[in-house]
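Shown next, in structure tokens, is the structure this report addresses.
The values are calculated or read from the model by the stated rules, or taken from the named source; none is laboratory data. The structure displayed is predicted, hence computed values, not measured ones. So basically every Cβ, Gly included, is an ideal-geometry build from the backbone, and we count neighbours across all protein chains shown.
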Amino acid sequence: MTNPYLISRERFIAAAPADIFEVLATPALHSVIDGSGTVKGVQARGPERLSLGARFGMEMSMKLDYKVLNTVCEFEEQRRIGWRHFNGHVWRYLLEPATGPDGSPGTRVTEQFDARKVRTRLLLRLAGFLKRHPLSIEKTLERLDHHLTGPLAA
């Protein structure tokens with residue numbers, strides 16, 4: 001049985017886990033890969049690279065501009081990174097070495113929005129987040145892929 005408060009999507013990206021993890025662990029790049037259109041930029045006083053327990057702020061906009069402070073709650077170098085903010089839901093990325101359909105090496109990237117432990121889950125549902133997040137996650141994974149493998153990738 002699926003839980004509506006755990007939204008998960010995956011994508012094969014033809015890049016090494018280490019390269020993908022560097023993007024995810026760099027808050028300044030979150031607005032570049034964000035598929036929701038809500039992440040506008042990183043706040044200046046946070047770390048350049050994330051680690052377990054690190055706190056970092058993001059400039060956000062969803063009809064109104066606001067700021068959110070996140071705390072890294074899951075961190076396994078090149079494998080897993082996740083952060084949460086005051087409401088307690090977790091944005092998580094899982095990286096697993098994989099082989100593409102053409103046999104090329106790469107990474108299976110899974111992005112998850114996990115609100116299973118949030119007390120205000122009903123508010124998330126009423127606000128429409130659970131309906132919007134699947135498409136936003138798919139767009140984020142597409143943008144992450146393009147950032148790493150597109151024509152302008154290093």
Top-ranked residue in the stretch 39-83 [being surrounded by fewer than 17 Cβ atoms within 10 Å (Cβ to Cβ) and among the β-branched types (Val, Ile, Thr); ranked as nearest to residue 25 (Cα to Cα)] = 71
Test result for residue 99, under 20 Å from residue 140 (Cα atoms), modelled with pLDDT of 95 or more and not charged (D, E, K, R) = no
Is it the case that residue 106 is crowded, with 19+ Cβ neighbours inside 10 Å, closer than 24 Å to residue 145 by Cα, more than 15 Å from the chain's Cα centre (by Cα) and not basic (Lys, Arg)?
-> yes
Just one of the numbered conditions (1) under 19 Å from residue 32 (Cβ atoms); (2) more than 15 Å from the chain's Cα centre (by Cα); (3) without any contact (Cβ under 8 Å) to a residue 24 or more places away in the chain is not true of residue 86; which one?
-> (1)
Of all strands (runs of 3 or more DSSP E) completely enclosed by the stretch 1-96, which ones contain at least 3 residues that are closer than 22 Å to residue 124 by Cα?
-> 6-13, 55-62, 64-76, 80-84
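Report, by residue number, each residue of the stretch 122-151 that is aliphatic (A, V, I, L, M), part of a helix (DSSP H, G or I) and exposed (fewer than 14 other Cβ atoms within 10 Å of the Cβ).
Narrowing the stretch 122-151 to residues aliphatic (A, V, I, L, M): 122-124, 126-127, 130, 135, 137, 141, 144, 148.
Of the ones still in play, those that are also part of a helix (DSSP H, G or I) are 122-124, 126, 130, 135, 137, 141, 144, 148.
Correct list: 122, 123, 126, 135.
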